[in-house]
Amino acid sequence: MSRLDLFIDRMVSQRACLEHAAALVADMNGPAFELGLGNGRTYHHMRKVLDPRDIYVFERAVASHPDSTPPDDMLILGDVFETLPQALDRFGPVAALVHADLGGHDRAKNDTFARNISPYVQPLLAPGGVMVSSDRMYFEGFEELPLPEHAVPGRCFIYRAPG
Ligand SMILES: C[S@@+](CC[C@H](N)C(=O)[O-])C[C@H]1O[C@@H](n2cnc3c(N)ncnc32)[C@H](O)[C@@H]1O
């Protein structure tokens with residue numbers, strides 16, 4: 001596959017999985033967390049499909065499109081290995097939806113990163129909460145859900161915390 005093919009698959013999968021996850025948590029309270037703002041495309045889409053739910057964004061250096069930049073009070077700046085434990089102290093296990101797109105172009109590095117960050121993400125989810133990730137996560141006791149139509153296997157993963 002070309003890099004363009006891979007990129008398109010990732011974008012299509014992110015959109016399909018975020019829309020599916022938003023529907024799954026529609027009856028739940030609790031905020032959503034966006035891990036990795038980047039250009040802000042997925043954050044922008046989350047605002048559309050999760051409105052009016054609060055969306056907190058975790059990012060170490062903001063470089064997003066102006067239309068896709070969260071307000072200061074919804075931005076949690078810093079390395080996620082430090083800010084996620086702080087968020088757990090601040091919010092508790094309340095997130096209805098967590099979306100993570102923290103990786104770069106190196107798939108092996110992304111896998112190591114996902115393995116290391118998984119135990120920091122897992123306790124943030126509320127019972128029944130849903131996690132969407134561009135990389136396979138390494139949770140204990142979470143169910144991996146089937147992908148929705150249009151999502152490409154391997155490009156996106158969906159997990160649900162036990163209810
Ligand atoms: C692939 S981009 C996210 C793209 C985004 N989903 C979009 O649609 O534009 C990954 C982002 O994760 C951030 N990131 C990577 N590792 C991080 C870390 N350890 N702590 C905080 N942010 C991190 C990077 O700065 C980068 O902005």
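Extension gain Arg107-Glu143, at 0.36 nm per residue separation less the Cα-Cα distance, in nm? Spell out each step's value before the answer.
Details: separation 36, 0.36 × 36 = 12.96 nm, distance 2.30 nm.
Residue separation times 0.36 nm, minus the Cα-Cα distance, leaves 10.7 nm.
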request  = Grab the DSSP H runs of the chain that are 4 residues or longer, score each as -39,500 (n - 2.57), total them, divide by all residues and round the 222 nm result to the nearest 500 deg cm²/dmol.
outcome  = -12000 deg cm²/dmol
inquiry  = Can you tell me what share of the DSSP beta bridges in the range 3-160 is antiparallel? A percent to the nearest 5 is fine.
reply    = 25 percent
key: Amide H contacts of Gly128 (H built 1.01 Å from N, under 5 Å, at least 5 apart or other chain)   = Ala161, Gly163
query = How large are Rg and Dmax for the chain when only the alpha carbon atoms are used, in Å?
reply = 14.5, 43
ask   = Can you list the HN-Hα couplings for the range 77-92, worked out from phi with the Karplus curve (6.51, -1.76, 1.60; θ = phi - 60°), rounded to whole Hz and with x for Gly and Pro?
value = 7, x, 6, 4, 5, 9, 7, 5, x, 5, 5, 5, 5, 6, 9, x
message = Need one value: the accessible area of His65 in square angstrom, 1.4 angstrom probe, rounded to the nearest 10.
response = 90 Å²
ask   = HN-Hα J couplings of the range 133-144 from phi, Karplus 6.51/-1.76/1.60, θ = phi - 60°, integer Hz, Gly and Pro as x?
value = 9, 7, 10, 4, 9, 10, 8, 10, x, 8, 8, 8
note = Simple spin-label estimate for Asp51/Ala23, 7 Å along Cα→Cβ, in nm, reads 2.0 nm
note = Excluding ligands, DNA and RNA, the carbon-plus-sulfur percentage of the accessible area of the range 3-160 with a 1.4 Å probe reads 50 percent
query = Counting other Cβ atoms within 10 Å of each Cβ, which trypsin sites (Lys or Arg not before Pro) in the range 73-163 have at most 16 and sit in a DSSP loop?
reply = Arg136
key: Under the Karplus curve 6.51 cos²θ - 1.76 cosθ + 1.60, θ = phi - 60°, whole-Hz ³J(HN,Hα) for the range 36-43, x wherever Gly or Pro sits   = x, 7, x, 6, x, 5, 5, 4
message = Taking amide H atoms as placed 1.01 Å from N in the peptide plane, list the residues 5 or more away in sequence, or in a different chain, whose amide H sits under 5 Å from that of Leu102.
response = Ser134
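The values are calculated or read from the model by the stated rules, or taken from the named source; none is laboratory data. From a predicted model like this one, the values you see are computed outputs, not experimental measurements. Glycine also receives a Cβ, built like all others from the backbone with ideal geometry; neighbour counts cover every protein chain displayed. Heads up: the accessible areas ignore ligands, DNA and RNA and are worked out on the full protein's heavy atoms, side chains in. Shrake-Rupley method; radii C 1.70, N 1.55, O 1.52, S 1.80 Å.
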